[in-house]
Amino acid sequence: MWGFNYLNGIFHTYKSRKTYRRLQAILNDGQAIFSHFGEDVYLSDFVNNCIDRIATEISKIDVISVVQVPNNIRQQNDDITKLFRFQPNPLQTTKDFLACCEWIRRKDYNCFVYPQYKIVKDSYGNSYRKYIAFYPLNPTKIEIGVDESTGNVWEIKFYWKDGSWDILPYRDIIHLKWRRGKNTIIGGGDDFGEPDTRDLLKSVQVLDQVIQGLPKSIEASLKITGIYNSKSLVDADKLATERDNFEKHIFTSKAGIVATDLSGEFTPVNVRPTTINDNILKFLKAILRERYGISECMISGDYTGEQHSAFYQTCIEDFIVEFEQAASHVLFTKREQDIGHRIKCYYNKVSYLSTENKIRIAELATNTGLMMLNDIADMFGIPPSEGGNRKLQSLNYSNVELVDKYQLSKAGVESEKK
């Protein structure tokens with residue numbers, strides 16, 4: 001029915017794979033001590049905590065439509081800016097939308113955003129897009145190919161959880177990627193566009209077994225308290241009877257002294273619970289964090305301005321660059337791009353600095369006229385004032401052009417005197 005030459009199997013989300021669970025052959029009372037973690041690394045709370053920390057920070061980004069020309073950026077109050085100001089779609093706030101995009105991008109290595117629009121005409125009869133909403137998509141599988149009827153239109157086929165599918169022009173979809181392999185079209189990590197989590201899965205499984213093993217080791221140490229050795233030469237039935245009588249004497253003893261006429265001896269066994277070296281836990285967790293470029297201090301929330309700056313460069317900046325380029329390419333026509341229309345993402349890095357560093361920035365801003373007084377007040381959580389929308393500048397600093405004119409005029413006066 002459809003004349004599309006699709007590249008089948010180019011991308012399958014990790015969620016479509018079957019999760020296999022096995023039991024290791026270490027048994028205790030007929031039950032497995034360790035249950036196999038499975039093939040899905042995203043069953044791990046620690047992995048999800050890393051993604052959630054990054055997604056939470058990305059949700060604080062401001063998405064704005066601008067016109068960028070040399071030495072000037074003008075914010076546009078168009079449909080795009082209005083939608084991302086509060087609610088990109090009827091179901092999500094901007095914060096929820098951005099966090100959702102990052103979750104899908106990190107888990108599936110690809111995130112597709114559909115910009116809903118309608119074609120309208122201005123007073124001059126020119127047609128343009130009026131954007132209504134932005135929706136992050138969550139397909140189970142996609143195929144990308146060229147329309148055979150034209151031979152030059154790339155299209156994408158989405159498969160959904162209910163078994164249905166849709167075909168859309170690839171040009172109309174915002175495609176965000178994470179991790180690259182040799183596949184030139186999509187993200188994924190390996191050469192076939194599939195998530196490569198083999199090494200990560202090993203670390204997750206070991207960490208999970210450590211967490212499972214600690215409480216069960218303590219439980220096992222409380223079960224075995226000693227060994228009773230009967231010296232009488234009796235058959236199996238009599239031995240079982242003697243063991244039952246011995247245990248009855250133990251359980252009915254109130255003074256802690258056992259009186260028994262059985263011929264045998266009780267040998268206490270000291271089973272010590274297993275302890276895990278703290279360095280081992282740190283090593284396993286560090287392997288998982290390194291995959292996502294996040295440090296221990298960022299997970300715990302106890303970080304400095306310098307540490308947060310490193311986190312921004314490894315996690316946040318990557319998303320900003322990807323989103324700006326992908327969205328600008330889809331949302332604006334070639335003509336609009338030529339005259340400077342762009343999507344810009346702004347992330348407030350100053351708010352994470354220490355009070356001492358904020359004071360230094362405020363001093364620099366007032367000396368050079370970089371920031372308004374209300375902007376400086378906002379850094380310290382102070383509400384804006386009526387006369388705060390103005391800049392201050394020290395008289396010790398001058399405009400470069402004025403300095404050049406002053407020096408040239410002074411040089412001319414001195415030459416006349418000579």
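The values are calculated or read from the model by the stated rules, or taken from the named source; none is laboratory data. Please read these numbers as outputs of a predicted model, since none were measured by experiment. Here Cβ is always computed from backbone atoms with ideal geometry, including for glycine, and neighbour counts include all displayed protein chains. Heavy atoms of the whole protein, side chains included, go into the accessibility calculation; ligands, DNA and RNA do not. Shrake-Rupley method; radii C 1.70, N 1.55, O 1.52, S 1.80 Å.
Over 18 Å between Cα atoms, which of Lys82/Lys121; Lys60/Lys82; Lys60/Lys107; Lys60/Lys95; Lys118/Lys161 qualify? Walk me through the numbers before you get to the answer.
Details: Lys82/Lys121 20 Å; Lys60/Lys82 16 Å; Lys60/Lys107 20 Å; Lys60/Lys95 6 Å; Lys118/Lys161 27 Å.
From Lys82/Lys121; Lys60/Lys82; Lys60/Lys107; Lys60/Lys95; Lys118/Lys161, over 18 Å: Lys82/Lys121; Lys60/Lys107; Lys118/Lys161.
What distance in nm separates the two pseudo spin-label positions at Tyr406 and Asn348, each 7 Å out from Cα along the beta-carbon direction?
The modelled label-to-label distance comes out at 3.6 nm.
Restrict the search to region 311-391; then list the GluC sites (Glu not before Pro) that DSSP places in a loop and that have at most 11 other Cβ atoms within 10 Å of their Cβ.
Glu386
At a Förster distance of 56 Å, what's the computed FRET efficiency of Ser149 paired with Leu370, Cβ-Cβ distance as r, to 0.05? All intermediate terms of the calculation are to be shown ahead of the outcome.
Details: r = 55 Å, r/R0 = 0.99.
My answer for the efficiency is 0.50.
Computing the accessible area with a 1.4 Å probe over protein heavy atoms, can you report the carbon and sulfur percentage for region 291-408?
Working: 3930 of 7530 Å².
Exposed carbon and sulfur together represent 52 percent of the surface.
To the nearest 0.05, how large is the calculated FRET efficiency for Ile361 and Ser295 if R₀ is 35 Å and r is the Cβ-Cβ distance? It would help to have the intermediate numbers written out before the result.
Working: r = 24 Å, r/R0 = 0.68.
That pair, Ile361 with Ser295, gives E of 0.90.
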